[in-house]
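Only one structure is covered here, and it is reproduced in the block below.
The values are calculated or read from the model by the stated rules, or taken from the named source; none is laboratory data. Everything numeric here is computed off the predicted structure, so don't read it as measured data. Ideal geometry is used to build each Cβ from the backbone, glycine not excepted, and the neighbour counts take in all protein chains shown.
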Amino acid sequence: MLKKLFLALILGVGISLSGSAQTVWYKAFSYAYHQKTSYGTWENWTPWYSCDIDMKIDWDNDYIVIYSQTTQRYMVVSYDGQYQEPDGGTQAQFKVIDQDSDRGYIRLRIEASGNSQLYVDFNNISWVYNIRKR
């Protein structure tokens, strides 16, 4: 069931799949993050840092893998829908569990201009990658 939703999402946000495989590769070229303070408020986002990180969205196995210095592996638990943003972009959200059994969300955001971001959100920290299809 999740695979059908994911395929609909991919087609809905205008990302084409290569061949019959339901795996899409991305390259992250910059990232930023922010975290909660000890008072429970969010800090400002950091500046953008350059990076060269491969990412794989594996619709066949319901996984998102980010090959950063420490590999981040997220099992997709549910697809929480997509919505149009006021600027004409599209955003989709997935509930995930990481390799440490922590629960969070991944948001795939496609701006009207074609720029794309992948957000990883947990209760106390979030980071975002600027990405492009590989």
Worksheet item: What is the number of the single condition among (1) touching a Leu at 6+ places or on another chain (Cβ under 6 Å); (2) over 25 Å from Lys36 (Cβ atoms); (3) not hydrophobic (A, V, I, L, M, F, W, C) that Gly89 does not meet?
Response: (1)
Worksheet item: Can you spot a residue in the stretch 23-44 that is at pLDDT below 90 and surrounded by 16 or more Cβ atoms within 10 Å (Cβ to Cβ)?
Response: no
Worksheet item: Which is on the phi > 0 side of the Ramachandran plot and assigned to a strand (DSSP E or B), of Gly40, Gly104, Gly81?
Response: Gly81
Practice prompt. State the number of residues belonging to the stretch 123-134 that are in a loop (DSSP other than H, G, I, E, B) and either charged (D, E, K, R) or within 13 Å of Gln72 (Cα to Cα) (or both).
Written response: 1
Practice prompt. Identify, by number, the condition in (1) under 13 Å from the mean Cα position of the chain (by Cα); (2) under 21 Å from Phe122 (Cβ atoms); (3) not hydrophobic (A, V, I, L, M, F, W, C) that Tyr49 doesn't meet.
Written response: (1)
Fill in: Residue check for Gln117: touching a strand residue (DSSP E or B) at 6+ places or on another chain (Cβ under 8 Å) and at pLDDT below 95
no
Response to the item:
When the stretch 79-113 is checked residue by residue, the ones that are small (Gly, Ala, Ser), at pLDDT below 95 and touching a strand residue (DSSP E or B) at 6+ places or on another chain (Cβ under 9 Å) are Gly81, Gly89, Ala92, Ala112
